[in-house]
Amino acid sequence: MASASQGNNATAAQFAHQMRVSEKTPAAAEKEASVRFEISDLNFYYGSKQAVFGLNLKIPKNKVTALIGPSGCGKSTFLRTLNRMNETIRNTRVAGHILLDGQNILEMDVVKLRRRVGMVFQRPNPFPKSIYDNVAYGLRINGYSGRLNDLVEHSLKRAALWDEVKDALHKSAFALSGGQQQRLCIARALAVDPEVLLLDEPCSALDPVTTAKIEELMFQLKDSCTMAIVTHNMQQAARASDFTAFMLDGKLIEHNETSKLFTTPQDPRTEAYITGRFG
Amino acid sequence: MSQARLIWRKSLNAVMLTLTGVAAFGVVSILFLILGYLIWNGGRSLNFDFFTQLPKPVGETGGGMANAIVGSLKLLFLAALMGLPVGLLAGVYLAEFGGKMFTFVIRYTTDLLNGVPSIVIGIFAYTLLVLPVKHFSTLAGGLALAVMVVPITVRSTEEFLRAIPGSLREGAMALGASQWRTIATVVLPAASGGIITGMLLSLARVAGETAPLLFTAFSNRYWSPGWSQPIASLPVMIYTYAIAPYDDWHRQAWAAGLILLGLVLLANMGCRLVLNRRGMTRSV
Amino acid sequence: MSTTSTTLERAAPPGAGPRAFVQRLRQGDEVAHVITLVFAAAILLITSLLVYELWLQSHLSRAKFGWAFFWTSTWDPNADDFGALPFIYGTLVTSVVSLLIAVPLGLAAAIFLAELAPRKLSDGVAFLIDLLAAVPSVIYGLLGIFVVVPLMRTVIGPALKSVLGALPTFKGPNYGVGFLTAGIVLAIMVVPFIISVSREVLLTVPRDQREAALALGATRWEATWQVVVPWARTGIMGSIFLALARALGETMAVTMVIGNNPKVSASLFAPGYTIAAVIANEFTEATGDLYLSALIELGLVLFLMTFILNGLARLLIVATERGGGHPA
């Protein structure tokens, strides 16, 4: 797979796609893409300090939603509430409703939730195991035993890593480069076939070429997987997402189709941020 | 994923996590059990006589362990005198002067010496100071303990010296201080808190050692003036009395155990609290 | 160039001036370097002397028995016939039994302290456990004699016999002293080391390893056992080696509860002997040079065991760091 030409194709297709979407009104576009996550009146506390204030957001199905905002605005915190990862920190409290396909995730079994909502972290964090075992890990704990080889191959292909590692599956994951490790983590997350994939600044530790590869990946995965990505990089949000939500000081300021938000922001604060006046 | 499998995984989760808590609780309980037993049994047997009287002849009840208390102090004194300077200066060498190869050799040897069982060190001191003169002595016991003090002190001295940032040294040298003067007047004082506590911890450690004394200092039911006679010590007395068939001696063994443990634990707690407050890492 | 008298008076006294000053500085450094070097070398001297003396003083015994010393099981002072087997056996058996008890217990406790307990509780308990590590051996011996031995005789022994009495390891009369009792006392002594070191290593495992496992839908236990603990395995192995080294050389507590019987027995209830215990008990009673020499040879054997263990532990660390290890 010549990634350069593929990349070009992907970018072109992406662009065309966004052009198509922007022809519709925002409400219609959102309705057409049905909703995967429905967040209403979300408040989040670290101890006594509130980090998220009354957040209302709908994350559409099979689209990429980007969360942008300055450091400390609460976007990562918010992302982590979607798979209840904040529960690993002591003294945190969630109030409000988060519905995944209509079910309240706060009442759901957390293990089941996390199988359906996967996560890719800021720094690649493969397990100290072989490439194969990393991808197979999620499958093994969930009891899939039969067609492991096929599922591992499938996940690695979805993460566009298969060709690079197919002859070295038994090698340690640490033998891979940073960008490859991150794609391995994506493959690992994809292996359990999540409905949603949460990405917390997945490219911040990677170089531009690898970043492009991962954005390309996201475009290809979109059809089978809803994605929410926190990013510091506005250009990335503009390139790779369908919808963008801008957060500031724990509040959601504006949420719209990406092209709309970046060309005609409604809120002055949004405009200030995306034009670089602060952030 | 089946519901049954999920239930199994969750049950396993609950069981295993509970077991780890039980294990932790169990281990801590052992400490309290030890203390409790000693306080109960030892406390009952402690009296003024214990601290002031000499042991009575075998078979008679009563008496005390005054000579053993003094004996332990004398042995510790010798261990400190012979062992601490070696440990300190060797630690300074390793942290400040050492060349790569030699440092590796010394460090390896220190670790090796640290791992030698205390009874073998007792044999060593025996061959050096008991065999040639054919009698046990305080000096031999002190030497055995000193040999044990050295590796512990070297390690902690080196560790605390290395923890002093290079910027402090550079500041002194930039003012024109020579290397040794920097070490003596800036680095060592800065690390002194940790180094001294390390030394105290090493002494606390050897204070409780019995094996190396069994055939160096041996034991004594009377006072032993000077340094060339066998001498009683708390740990050896505890051992001797515990394995004897007399109940009265068992009582006294508990009492001595309480004193010994109390002193060792107090020294350890004090030192570790000081280190923690200064934010220094501990080396077990 | 002034030629006033003050300038002449201020002319350099012998030995002064910038070059001489620096030389003196350097000499101070040289002296300090040499002094500390000598003391550092003293450690080499002590250790070499120790090995030398062990070797020298065991000469008689080595000459008489040769390699057969290692597999002869007689220990007969009257006939001047000595063999190390019962003691090597006893040392190994008690150490292995102690590890079998202490490792699961210690690792479980370390996991609790590192993963589950709130930080303050974890630090507090760790502090207490470090204190446990400082308790002198003879105190454990006291507890061994007056607590564990009666317990073994009245509770633990009968319980084991009723369930596992068919096994050869649990046959025979139970006097309360013996291999198992010594193993239990040793386990209590080494468990603090395992907990202390393992806990510290577990605390250094990066958060996102655990989070990655949880994000895949693992339960807390699965994340801990399958991801966090393997990450820390080098350190944990190190703690086990440390514990084993301590167990091998432990003298007093073992001497007080092992039963002092120089025989190889299959049953854990049987009284036995370890190298350290026989030296402690019989050294001062050794009549005759051969007897003493045999005991010193046993000391040499014990030294070699800990020396090899030390070397293995180091090799383990190097090997894990080089091969499939992780960037940590």
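Shape call for the range B:1-110 from the C-alpha gyration tensor, a ≥ b ≥ c root eigenvalues: rounded (a/c under 1.5), prolate (a/b greater than b/c) or oblate? Walk me through the intermediate numbers first.
Working: a/c = 5.19, a/b = 1.25, b/c = 4.14.
Since a/c reaches 1.5 but b/c is at least a/b, the shape of the range B:1-110 is classed as oblate.
Exposure proxy check: A:Lys213, B:Lys10 ranked by fewest other beta carbons within 10 Å?
Values: A:Lys213 23, B:Lys10 15.
Neighbour counts put them in this order, fewest first: B:Lys10, A:Lys213.
Within chain B, which complete DSSP H helices have Cα atoms spanning at least 30 Å along the helix axis and a mean Kyte-Doolittle hydropathy of -0.5 or higher?
Values: long enough: B:3-45 (62 Å, 1.00); B:66-92 (38 Å, 1.84); B:138-162 (35 Å, 1.01); B:247-277 (44 Å, 0.57).
Those that pass (Cα extent of 30 Å or more, hydropathy at least -0.5) are B:3-45, B:66-92, B:138-162, B:247-277.
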Exercise for review: Could you work out how far the C-alpha centroid of the range C:173-241 sits from that of the range C:300-321, in angstrom?
Suggested key: 20 Å
Study note, to complete from the structure: Farthest towards the positive end of the dipole of the range C:28-135, among C:Ala134, C:Gln57, C:Leu105 and with Cβ unit charges of +1 on Lys and Arg and -1 on Asp and Glu, lies the Cα of C:Leu105
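Just tell me how shielded A:241-253 is by partners: mean number of partner chain Cβ atoms within 10 Å of each residue's Cβ, no decimals.
Values: counts 0, 0, 0, 0, 0, 0, 0, 0, 0, 0, 0, 0, 0.
Rounded to a whole number, the mean comes out at 0.
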**Study point:** Highest-fluctuation residue, B:Ile183, B:Ile121, B:Ile196 considered, GNM on chain B with Cα pairs under 10 Å
**Key:** B:Ile183
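What does the charge dipole of the range A:191-263 about its Cα centre add up to, to the nearest 20 debye, if the Cβ of each Lys and Arg holds +1 and the Cβ of each Asp and Glu holds -1?
Details: 5 positive and 12 negative charges, 38 e Å.
Its charge dipole is roughly 180 debye.
Is there a quick way to get the dipole size of chain A? I mean about its Cα centre, with the Cβ of Lys and Arg at +1 and of Asp and Glu at -1; what is the value in debye to the nearest 20? Spell out each step's value before the answer.
Working: 34 positive and 29 negative charges, 102 e Å.
Magnitude of the dipole: close to 500 debye.
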Check your understanding: Hey, in the GNM for chain B with a 10 angstrom Cα cutoff, which one of B:Val274, B:Val105, B:Val150 fluctuates hardest?
Key -> B:Val105
Review point. Helix A:208-221 sits at what angle to the longest principal axis of chain A, using alpha carbons and giving 0 to 90 degrees rounded to 10?
Key: 90 degrees
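What's the average, rounded to a whole number, of partner chain beta-carbon atoms within 10 Å of each residue's beta-carbon in A:87-99? Can you show the working numbers first?
Working: counts 1, 7, 1, 2, 1, 0, 0, 0, 0, 0, 0, 0, 0.
Per residue, the number of nearby Cβ atoms from other chains is 1 on average.
Test of understanding: ordering B:Ser192, A:Ser48, C:Ser137, B:Ser45 by Cβ neighbours within 10 Å, fewest first, what list do you get? Provide the component values of the computation, followed by the final result.
Numbers: B:Ser192 11, A:Ser48 7, C:Ser137 27, B:Ser45 17.
Going from least to most buried by this count: A:Ser48, B:Ser192, B:Ser45, C:Ser137.
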Check your understanding: How long, wide and thick is the range B:180-284, going by the Cα atoms along their three principal axes, in whole angstroms, largest first?
Key -> 57, 31, 19
Check your understanding: Quick one: helix A:178-191 against the long Cα principal axis of chain A, what's the angle to the nearest 10°, folded into 0 to 90?
Key -> 90 degrees
Practice item. Would you pull out the residues with amide H under 5 Å of B:Lys56's amide H, same chain only if 5 or more places away, H placed 1.01 Å from N? Key: B:Gly64
Study note, to complete from the structure: Neighbours of C:Ala114 by Cβ distance under 9 Å: Lys/Arg at +1, Asp/Glu at -1, summed charge -1
Check your understanding: For the Cα atoms of chain C, what angle does the longest principal axis make with the long axis of helix C:233-249, in degrees from 0 to 90, nearest 10?
Key -> 70 degrees
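I need C:Ser198, B:Ser137 ordered by Cβ neighbour count within 10 Å, fewest first. Walk me through the intermediate numbers first.
Values: C:Ser198 27, B:Ser137 22.
Going from sparsest to densest Cβ surroundings: B:Ser137, C:Ser198.
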Study note, to complete from the structure: With no solvent term and unit scatterers on the alpha-carbon positions of the protein assembly as shown, Debye gives log₁₀ I(q)/I(0) at q = 0.09, 0.10, 0.11 Å⁻¹ of -1.00, -1.11, -1.22
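For the protein assembly as shown, with only Lys/Arg (+1) and Asp/Glu (-1) charged at the beta-carbon, what is the dipole magnitude about the Cα centre, in debye rounded to 20? It would help to have the intermediate numbers written out before the result.
Values: 74 positive and 59 negative charges, 220 e Å.
That gives the protein assembly as shown a dipole magnitude of about 1060 debye.
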Practice item. Starting from the exponent 0.38 and prefactor 2.2 Å, build the expected Rg for the range B:49-277 from its residue count and divide its actual Cα Rg by it. Key: 1.17
Review point. Cα-based Rg of chain C per 2.2 N^0.38 Å, rounded to two decimals?
Key: 1.42
Point to revise | Rg and Dmax [Cα atoms of the range B:128-252; Å; Rg one decimal, Dmax integer] | key: 21.0, 69
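Report D for the range A:3-274 in µm² per second (integer): Stokes-Einstein, Kirkwood Rh on Cα pairs, 25 °C, 0.890 mPa s.
Numbers: Rh = 19.1 Å.
The diffusion coefficient I find is 128 µm²/s.
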**Study point:** Among B:Gln179, B:Gly91, B:Ile106 - extreme Cα towards positive end, dipole of the range B:49-277, charges at beta-carbon
**Key:** B:Gln179
Check your understanding: Is there a simple number for the mean count of other chain Cβ atoms within 10 Å of the Cβ of residues in B:178-188, and what is it?
Key -> 3
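We did not get these values from a lab; they are worked out from the coordinates using the rules stated. Everything numeric in this text was worked out from a predicted model, so none of it was measured. Methodologically, a virtual Cβ is constructed for each residue, glycine included, from the backbone with ideal geometry; neighbour enumeration extends over all protein chains shown.
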